[in-house]
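The structure appears below as structure tokens.
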Amino acid sequence: MKKQITCTAILSAAMVLTGCAAGKAGPAVDNEQLPVVPVVQPQGHYRHQPVEHPALDASYEGFVDTMKEAGYSEDSFDYKNAQGDQSNCTTIAQTFVNDGDDLIYAIATPAAQAAANETSDIPIVVSAVTDPAASGLAESNDKPGGNVTGASDLTPVESQIGLLKEALPDAKKIAIMYCNAEDNSRIQAELAEKACEKEGLEYQVATVTDSNQIQQVTESLIGKVDAIYVPTDNLLAEGMSTLSKVATEHKIPTIVGEEGMVTSGGLMTNGIDYYELGVLAANQAIDILENGSDPADMAIAYYPDDKCTLIVNQSTLDRLGIELPASLKDKAEFITEEE
């Protein structure tokens with residue numbers, strides 16, 4: 001008989017929180033012993049979500065697919081959408097805790113923080129959180145010490161700045177653009193500043209607090225910088241098409257944190273696979289649910305640097321009129337936007 005769990009999910013203000021429950025910690029129970037919560041489908045861009053975020057959608061899908069491969073039913077998963085409102089996210093997290101759910105799967109830092117603020121007892125597995133310890137979710141990333149573990153989406157910032165210098169050897173002035181309300185983004189921006197200093201690049205910081213500022217802030221960089229670096233920032237991932245349109249029209253290349261941002265018009269990334277982050281998180285969830293493992297002793301998992309993939313948007317490359325060096329052409333995967 002297939003194993004089943006009840007699973008709850010939130011799309012948070014940053015944009016995703018998912019939660020998952022099973023029979024009591026330990027081996028999953030038969031579906032006859034556990035009611036199944038109805039599914040609310042994740043509303044990714046391909047499902048007409050008002051705000052697109054393919055990276056976080058992929059993290060959800062990797063989690064669900066892996067749980068299904070382990071024997072959990074499609075009908076086990078319930079997904080709730082907070083519509084980008086942090087107060088909704090908190091309310092849904094409170095509901096999960098009040099319902100006595102046995103495990104919460106949280107995607108993105110604000111989502112994880114909302115869940116962690118509501119319970120110190122229910123295990124929480126996170127994904128797409130850059131630094132759980134720095135975000136107050138764990139005592140340390142090697143030994144979390146509480147009820148939170150998961151998979152970090154720490155992107156190889158230093159190698160991405162190195163990629164920028166290799167692809168754009170004439171670029172001297174760089175903008176590091178991110179949302180200053182996101183802990184993940186601030187952490188990556190600091191890493192980018194250090195990487196720019198190491199590479200001898202002049203940089204300036206350009207921040208936004210909401211999506212309405214993206215076009216204005218991008219336009220403010222015209223004539224001032226030779227390229228823009230955007231880390232795995234949730235707000236800018238959603239607004240990447242706006243950012244890239246303005247930047248590309250003015251011949252400013254954008255090096256970005258992950259593949260979804262390249263698909264939305266960014267020039268290139270050497271990035272992680274968010275689907276695989278969901279896989280890593282699911283394996284931890286299974287270990288907790290079926291083996292009774294304690295999140296306090298489960299180190300945060302990281303995507304291996306040697307598995308990062310160089311993705312280039314050929315359409316953006318053509319619009320910019322840039323010729324990549326052979327060293328990058330030979331290893332890059334090229335995507336082309338539909339006109």
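The values are calculated or read from the model by the stated rules, or taken from the named source; none is laboratory data. Predicted model only: the values in this text are computed from it and were never measured. Counting neighbours? That spans all protein chains shown, and the Cβs are built from the backbone with ideal geometry, glycine included. Just the protein is used for accessible areas: all its heavy atoms, side chains included, with ligands, DNA and RNA removed. Shrake-Rupley method; radii C 1.70, N 1.55, O 1.52, S 1.80 Å.
A few remarks follow.
- Scanning region 72-110 for residues that are part of a loop (DSSP other than H, G, I, E, B), open to solvent by 10 Å² or more (accessible area, probe 1.4 Å) and either at pLDDT 85 or above or more than 17 Å from ALA281 (Cα to Cα) (or both) returns SER73, GLN83, GLY84, ASP85, ASP99, GLY100, ASP101.
- For region 266-308, the candidate set comprises residues that are of a type in the set (D, E, K, R) and over 19 Å from ILE107 (Cβ atoms); within that set, the residue that is surrounded by the fewest Cβ atoms within 10 Å (Cβ to Cβ) is ASP306.
- Taking the conditions (1) modelled with pLDDT of 85 or more; (2) closer than 19 Å to ASP233 by Cα in turn, ALA171 satisfies each one other than (2).
- Considering residues of region 171-214 that are among the small types (Gly, Ala, Ser) and open to solvent by 60 Å² or more (accessible area, probe 1.4 Å) only, the residue farthest from the chain's Cα centre (by Cα): GLY200
- Residues of region 309-329 satisfying the condition of being open to solvent by 30 Å² or more (accessible area, probe 1.4 Å) and under 28 Å from THR130 (Cβ atoms): THR309
- All conditions in (1) assigned to a strand (DSSP E or B); (2) over 21 Å from the mean Cα position of the chain (by Cα) hold for ALA247, with the sole exception of (1).
- Residues of region 254-265 that are over 23 Å from THR109 (Cα atoms) and surrounded by 24 or more Cβ atoms within 10 Å (Cβ to Cβ): THR254 alone.
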